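Working notes, structure below.
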Amino acid sequence: MRQAMPKQAAEERAQNFAEVALGYTLEQAIAEANRCLQCKRPLCVEGCPVHIDIPGFLKLLAEGNPIPALAKIKEQNSLPAICGRVCPQENQCEGRCVVGIKGDPIAIGNLERFVADYAREVGQEPVLTPAQSLDKKVAVIGSGPAGLAAAADLAQFGYQVTVFESLHAAGGVLRYGIPEFRLPKDIVQHEIDAISELGVEIVTNHLIGQTLTLDDLFEAGYSAIFIGTGAGLPNFLNIPGENLNGVYSANEFLTRVNLMKAYLPEYDTPIKVGQKVAVVGAGNVAMDAARTAKRLGAEEVRIVYRRSRQEMPARLEEIENAEEEGILFSLLTNPVEMIGDESNTVKVLRCQRMTLGEPDQSGRRNPVPVPNEYIDLSADTVIVAIGQGPNPVLLRGTEGLALTERGYIKVNDENLMTSIPGVFAAGDIVTGAATVIQAMGAGRKAASAIHAYLLEQEGN
Ligand code: FAD
Ligand code: SF4
Ligand code: SF4
């Protein structure tokens, strides 16, 4: 049977920002790794966007060797403690595990997390070293998973790599989006430090497109540029009242909590959470915002979603965690207006009742309004979590950079080069909002393409 992940009790964890999942013991980890059948054709590896040698690391762990197991993972993944925690494994590695056909798949993510945590706690981490030293500089714009993975690989190829980040701390969504109780910030920092130790320089507070342009970077001697600026521009509902006080985008709300440390009592961060919070949307971002609002002391937190539970895009595990923590769900409910009080602060979220119609292109059944059926929900805080678009600053400020119809960067599918020679892009800024490991996989692919491009340039 699959080893259950020990967790903080729901009533307790809803009051604090400490990590919900507590991690396996060594005995649990070895027992779980022993369930792996060591398949000759391991489908789990095909399900992992960076193709970690999963049976290889599980075998080492099953034999009681967590440190070599981590070294095996690090051949493909520079952020294992992070991915073990946040990858949607049910759709990736574990979704393809053959043991999952008749029972519970091997807990690959929990075990990846375990070996990374174990090595960190005993202070015996495998040290990666660059293969050689090349006399060329590469600039990486954005320090999210795509930028970090590209930077780590480029440094290992031997390039001098500088990562430029607009915010004051590195990590992208890992730092400012995913909350502390799912992904502790000291773990993010630790894995970023390991990338810095490879020789990668991280320069924060540099908004490329404004502080410096791509031309400035080429003039400063960078031979190639990688763009991994993500999809951090929030979508809004565009309904009356959305500009009232007390209405946040999930992005702004989570950034304030994470980056300005509202989760620590000793920080006096300007974030106001009322007693009744409505979070619009039902993806992972919405669950994160709702669970964060609860932890900041809101009495009642409600997810408002226009489809049913079955269509919710969030991971099932996160929906269940939210339910256990007392988050309420108003389903088949679509906001149409926000109504304020005399101080221009939101007090009511007016919604229309919905029913489900035919499936749309994504296969999910379409929400259809029920005529003349409205419901008024009391809310002194509304958080809008209905998706994000591309970060625009760099795109607006760069002449000749071709974009897709949806406003993302257009790249050559083969080598991820943009319309500007020597400039490559990957991650959410190319695909739209995806996952950490998909962004990392794409960042790695771009790093290999940059290496090939620079070798070719040298040959000419
Ligand atoms: P990002 O992580 O967005 O990083 C882009 C970086 O570029 C940012 O640091 C930004 O400040 C910087 N930047 C932008 N413009 C500039 C500029 N002009 N100059 C310099 N720097 C710039 N995925 C999962 O797999 N599992 C999860 O549990 C999960 N939960 C999520 C929860 C939330 C709240 C959010 C928002 C997303 C979540 N995701 C999750 C999605 C995942 O985090 C993203 O797909 C992933 O981070 C994309 O990586 P990226 O490197 O492309 O971009
Ligand atoms: Fe699975 Fe993510 Fe680890 Fe790949 S990186 S093996 S998808 S948990
Ligand atoms: Fe092990 Fe499952 Fe991968 Fe087979 S598919 S090697 S059982 S983890």
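The values are calculated or read from the model by the stated rules, or taken from the named source; none is laboratory data. Note that the structure is a prediction, hence the values are computed from the model and not measured. Here the Cβ positions follow ideal geometry from the backbone for every residue, glycine too, while neighbour counts run over all protein chains shown. Ligands, DNA and RNA are stripped out before the accessible areas are found, and what is left, the full protein with its side chains, is counted by its heavy atoms. Shrake-Rupley method; radii C 1.70, N 1.55, O 1.52, S 1.80 Å.
Just a few scattered comments:
- Hull-based mean projected area of the chain, where the convex hull spans the alpha carbons, in square nanometres: 23.7
- Å² per residue, accessible surface of the chain at 1.4 Å: 44
- q = 0.11, 0.14 Å⁻¹: log10 I(q)/I(0) that the Debye formula gives for the stretch 284-421, counting C-alpha atoms only: -0.60, -0.84
- Highest to lowest packing among 283-292, 145-154, 399-408, scored as the average C-beta count within 10 Å: 145-154, 283-292, 399-408
- The peptide list 124-133, 450-459, 387-396, put in order of mean Cβ contacts within 10 Å with the highest first, becomes 387-396, 450-459, 124-133.
- Relative contact order (percent, whole number), the chain, Cα cutoff 8 Å, 6+ residue spacing: 16
- For K7, a cut-off of 20 angstrom between C-alpha atoms picks up these lysines, skipping any fewer than 8 places away in its own chain: K185, K294.
- Cut-off 12 Å between beta-carbons: net charge of the residues surrounding P184, Lys and Arg +1, Asp and Glu -1: +1
- Helices in the chain, meaning DSSP H runs of at least 4 residues, each add -39500 (n - 2.57). Divided by all residues, the mean residue ellipticity at 222 nm is -10000 deg cm²/dmol.
- Carbon and sulfur %, accessible surface of the chain computed with the full protein complex present, 1.4 Å: 49
- Net charge over other residues, Cβ less than 14 angstrom from the Cβ of E320 (K, R count +1; D, E count -1): 0
- Around the amide H of I202, modelled in the peptide plane, lie the amide H atoms of V163, all under 5 Å away and 5 or more residues distant in sequence or on another chain.
- Note on K410: lysines with a C-alpha under 18 Å away, same-chain residues under 8 apart excluded, are K445.
- For the stretch 331-389, applying the loop criterion from DSSP together with a ceiling of 12 other beta carbons within 10 Å to the GluC sites (Glu not before Pro) yields E342.
- Tail fraction, Cα-Cα pairs, the stretch 352-460, threshold 17 Å, whole percent: 69
- Packing, taken as the mean count of other beta carbons within 10 Å per residue, orders the peptides 30-42, 293-305 from highest to lowest as 293-305, 30-42.
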